[in-house]
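Scroll down for the structure; my scribbles are underneath it.
The values are calculated or read from the model by the stated rules, or taken from the named source; none is laboratory data. In this text the structure is predicted, and so the values were computed from the model without any measurement. All Cβ positions, even for glycine, are placed from backbone atoms using ideal geometry, and neighbour counts span all protein chains on display. Quick note on the areas: whole protein, heavy atoms, side chains included, nothing else; ligands and nucleic acids left out. Shrake-Rupley method; radii C 1.70, N 1.55, O 1.52, S 1.80 Å.
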Amino acid sequence: MSDCIFCTIASGAFGTEFYYEDENVVAFDDLHPQAPVHVLVVPKAHYDNIIDGVPAEVLSSMAAAVKAVAEKRGIAESGFRCIMNTGADGGQTVMHLHMHVLGGAPLGDGLIAK
Ligand code: AMP
Ligand code: ZN
C-alpha cells in the first residue's frame with residue numbers, strides 16, 4: 001500500500017534505523033515513546049491487524065524480533081510488555097499490523113500505548 005506509513009518505513013525508504021530486520025519484519029523506535037523503551041515490530045507486507053490472515057512465518061519473525069529488541073535494548077531480564085492494539089475499540093491508529101514493545105521501567109497496571 002503506497003499510502004501506508006508503516007509500509008513505507010518498513011521498505012527502508014526513510015532510512016529508518018532498524019533494531020532488527022529479516023525477510024518478514026523490521027523493528028524501529030515509536031515516534032511518540034510511552035516508556036523508556038518503545039519499539040514497534042512491523043511486518044514488511046501489509047496486514048491490517050492480527051486477524052488479517054497473518055502467515056505463521058511472519059508471526060515467527062515477530063517473535064524473533066521481540067527477542068532481539070529485548071536483548072539489544074537491555075530489557076530481556078527486567079521484563080517488558082507487548083501490545084497489539086486492534087481496531088477502533090482497541091485504539092489502533094495505524095492500520096498496518098504492529099506490536100508495541102514497551103519497557104525500561106515498571107509499567108504498572110495502566111493501559112499502555114492506548
Ligand atoms: P496504535 O495506536 O497501536 O495504532 O499505534 C500506532 C503507533 O505508531 C503510535 O504509538 C505512534 O506514535 C506510532 N507512529 C505513528 N507514526 C509513526 C512514525 N512515522 N514513526 C514511528 N512511529 C509512528
Ligand atoms: Zn501498510
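Points to keep in mind about this one:
- Note on the range 58-79: among residues that are over 13 Å from the mean Cα position of the chain (by Cα) and open to solvent by 70 Å² or more (accessible area, probe 1.4 Å), the one that is nearest to ligand 2 (Cβ to nearest atom) is SER60.
- Answer residue from the range 23-57, given it is under 14 Å from the mean Cα position of the chain (by Cα) and of a type in the set (D, E, K, R) and is farthest from GLY108 (Cα to Cα) among those: LYS44
- From VAL37, VAL25, residue being open to solvent by less than 20 Å² (accessible area, probe 1.4 Å) and more than 16 Å from ligand 2 (Cβ to nearest atom): VAL37
- Qualifying residue in the range 35-52 (condition: more than 20 Å from LEU102 (Cβ to Cβ) and in contact with a Pro (Cβ under 6 Å, 6 or more places away or on another chain)): no
- Long-range neighbours under 8 Å by Cβ, at least six apart or interchain, first residue among the hydroxyl-bearing types (Ser, Thr, Tyr) within the range 27-53, second surrounded by 15 or more Cβ atoms within 10 Å (Cβ to Cβ): TYR47/VAL54; TYR47/VAL58; TYR47/HIS96; TYR47/LEU97
- Qualifying residues in the range 91-114 (those that are open to solvent by less than 70 Å² (accessible area, probe 1.4 Å) and free of Cβ contacts under 8 Å to residues at least 24 places away in the same chain) - the one farthest from ligand 2 (Cβ to nearest atom): GLY108
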